[in-house]
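> Quick one: this structure, given as structure tokens, is what I'll be asking you about.
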Amino acid sequence: MQLHRARSDFDEAGATLVLIGQATPRHAAQFRRRQGIQLPVLADEDRLSYKAAGAKVAGITDLFGPKVIAKGALTGVREKAIQTRTIGDAAQLGGAIVVEPDGNISWSHMSNDAGDNASPEEIIAAVRDLVA
Amino acid sequence: MPAGRKPRPPRRADGLAEIVLPDHECHDVRLGDLWSERPAALVWLRHYG
């Protein structure tokens, strides 16, 4: 996972990096083991934080549009990853935010379709802009 | 949020701060504690699959 490989960059930039998924702690633990990642993973089975972060619930074209399919295939090849069984609501999209200690959200990128994800480099750049 | 509506991230994390979620070891984590001392990047996964 790209974010796992970039975790030291977040540390060096002085930021905490946390992943949140829409299932149980057991699923989160399985995800960490399967992906071989050491990042903390929080479990939000009720998707309360997704709603509070303004995450989008996808429509059909957001999941299966030609661009989305192509981008997903490209990511799978690049990451040498195979999509396994989906846990949670398949229409729930994710995203990323950077929060300052005073609670201000200095940067955000919430997904507009299933292929629309911020890269680790974009997120780190947002952190570095904040601490510069 | 109804399906298909554009994402609407808030400008402040006040609505997130009091949410408490278990981590992969079943320890409760209050989200606001993640950024209380230094910036935090929160990444919501689409799914664990």
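A short reminder: the numbers here are calculations on the coordinates, not readings from a lab. The model shown is predicted, which means the values in this text are computed figures rather than measured ones. When we count neighbours, we look across all protein chains shown, and the Cβ atoms used for this are built from the backbone with ideal geometry, even at glycine.
> In nanometres, what is the gap between the two model label sites at residue A:121 and residue A:34, each 7 Å from Cα along Cα-to-Cβ?
2.8
> Using Cα positions and a limit of under 15 Å, work out the aspartates and glutamates in reach of residue A:67, with same-chain residues fewer than 8 apart set aside.
Result set, ordered by chain and number: A:113, A:116.
> Out of all Cα-Cα pairs in chain B, roughly what percent, to the nearest whole number, are more than 14 Å apart?
66
> Taking the simple approach of a point 7 Å from Cα along Cα-to-Cβ for both residue A:12 and residue B:8, what is their distance in nm?
Placing both labels 7 Å along Cα→Cβ, they lie 4.0 nm apart.
> Under 5 Å between amide H atoms, partner at least 5 residues away or on a different chain: which partners does residue A:110 have, H built in plane at 1.01 Å?
A:96
> Calculate the mean, over all residues of peptide B:25-36, of how many other protein chain Cβ atoms lie within 10 angstrom of the residue's Cβ.
Partner-chain Cβ atoms within 10 Å, mean over residues of B:25-36: 5.
> Enter the mean number of other protein chain beta carbons within 10 Å of the beta carbon of each residue in A:106-113, as an integer.
3
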